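Asks: My structure is below; once you've seen it, I'll send some questions.
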Amino acid sequence: MKEQKAKRPSIRMVDIAKACGVSAATVSYVLNNRQDQRISEALRQKILHYANLTGYVSSPAARALSTGRHNAVGVYAPGAWASPGRAARTLLLYEALAAALEEAGFSLIHLTDACVRQRSVHVDAILAVDPTKAEFSSIGRLNYCPLLCVDGAVDDPAIFYQIYDDFAAIARRARERARSGRLFLLYDAYRNERILGRVTEAFDAVCDSREESLSSHVLCQPSTTAFVALGYENAQTLRRLGKTPVTVVCEGEDAPEPCVILPQSKKAALIVRLLQDIIQRESGEEHDIRVPY
């Protein structure tokens, strides 16, 4: 008969605290990477080193049971891969959101289409990026956590926030550069019908880059029309058709040419700030948020 090895006793926070000569609260702050506490780097390293040597494992499940929080935010972007331009901009948004969420103590979890059919567990809130009205409503019915609409408009006063870029301000900036009253926008169309309405209101003519009649739509514009491109791919498309865009709207931080910049870091920071408000049940009255640039 094989001799069974003695079971290693589990290590608790109080054990680490006693060994390091600090309080259990201090250990908790270090192990949970709390940045709002003044703890020396030497003490932080001592606690982490001891926890590693003793095999201490933090339990997210146990932490969620005790606090009611998972410190995770689900992101659902059903139209992310509709076109190369849309994919690139969605990736930029994901990167900015992941950084902003991490700074606020949250992790980002990518949600699949399953979230419109069943409840998403282990998240404290959900960000729906460019959802249709039906998708947004389904997520809201199935999930009992804060839900934000990003890059979309559902115009429902019962939701917490709908957050999108200020297209009217972008059009004003383009008109200042063009000194022309008529603007044509080439972009990768949103799936959300009401956000499409916001874009149409801001520009005199719009065209989806995937539209089959793109060439004729561009070339039949009056000679006084100024062209605007959302993204570098669409700017190149306009140039191939013999039209020089008066401005390129760039969703990012860097630009190789003069552009209207929509900094994703600023957008992500705003989203996370609003997210924290609603998780703490401190949301404001205004639910329609236009992201400034």
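Asks: When only C-alpha pairs under 8 Å and at least 6 residues apart count, what is the relative contact order of the chain, in percent?
Replies: Numbers: 433 pairs, mean separation 43.6, N = 293.
That works out to 15 percent.
Asks: Follow-up. With just the Cα atoms of region 176-222, tell me how far they stretch along each of the three principal axes, in Å, largest first.
Replies: Sorted largest first, the three principal extents are 31, 23, 13 Å.
Asks: For each cysteine in the chain, check whether another cysteine's C-beta sits under 4.7 Å from its C-beta; list those where none does.
Replies: Lone cysteines by the Cβ rule: Cys20, Cys115, Cys145, Cys149, Cys207, Cys220.
Asks: Next up: Which value, in nm² and rounded to one decimal, describes the direction-averaged projected area of the C-alpha convex hull of the chain? Could the numbers behind the result be given before it?
Replies: Numbers: hull surface 88.4 nm².
If I average the Cα hull's projected area over directions, I get 22.1 nm².
Asks: Next question. I'd like the chymotrypsin sites (Phe, Trp or Tyr not before Pro) in region 67-153 restricted to DSSP loop residues with at most 16 other Cβ atoms within 10 Å, sorted by number. Don't jump to the answer; show the numbers that get you there.
Replies: Values: sites: Tyr76, Trp81, Tyr94, Phe106, Phe136, Tyr144; in loops: Trp81, Phe106, Tyr144.
Qualifying residues, ordered by number: Trp81, Tyr144.
Asks: Take every Cα-Cα distance within region 158-258, group them into 10 Å bins from 0 onward, and report for each bin the whole-number percent of pairs it holds.
Replies: 14, 50, 30, 5, 1
Asks: Now for a separate question. Could you pull out which residues in region 29-51 have an amide N less than 19 Å from a spot 7 Å beyond the Cα of Gln280, following the Cα-Cβ vector?
Replies: 29, 33-38
Asks: Here's something else I'd like to know. If only Cα atoms are counted, what is the Rg of region 66-214, and what is its Dmax, in Å?
Replies: For region 66-214, the Cα radius of gyration and maximum Cα-Cα distance read 17.0, 60 Å.
Asks: Of the trypsin sites (Lys or Arg not before Pro) in region 75-130, which ones lie in a loop per DSSP and count no more than 16 other C-beta atoms within 10 Å? It would help to have the intermediate numbers written out before the result.
Replies: On the way: sites: Arg86, Arg89, Arg117, Arg119; in loops: Arg117, Arg119.
Here the trypsin sites (Lys or Arg not before Pro) that fit, given the DSSP loop and packing criteria, are Arg117, Arg119.
Asks: Ok, one more. Mind checking region 126-227 for GluC sites (Glu not before Pro) that DSSP puts in a loop (not H, G, I, E or B) and that have at most 11 other Cβ atoms within 10 Å? Before the final figure, lay out each step's value.
Replies: Details: sites: Glu135, Glu176, Glu193, Glu201, Glu211, Glu212; in loops: Glu211, Glu212.
Those that pass, being in a loop and sparsely packed, are Glu212.
Read the figures in this text as sums done on the coordinates, not as results from a lab. Treat the numbers as computed from the prediction; the structure is a model and nothing was measured. Every residue, glycine as well, gets a Cβ built from its backbone with ideal geometry; the counts of neighbours run over all protein chains shown.
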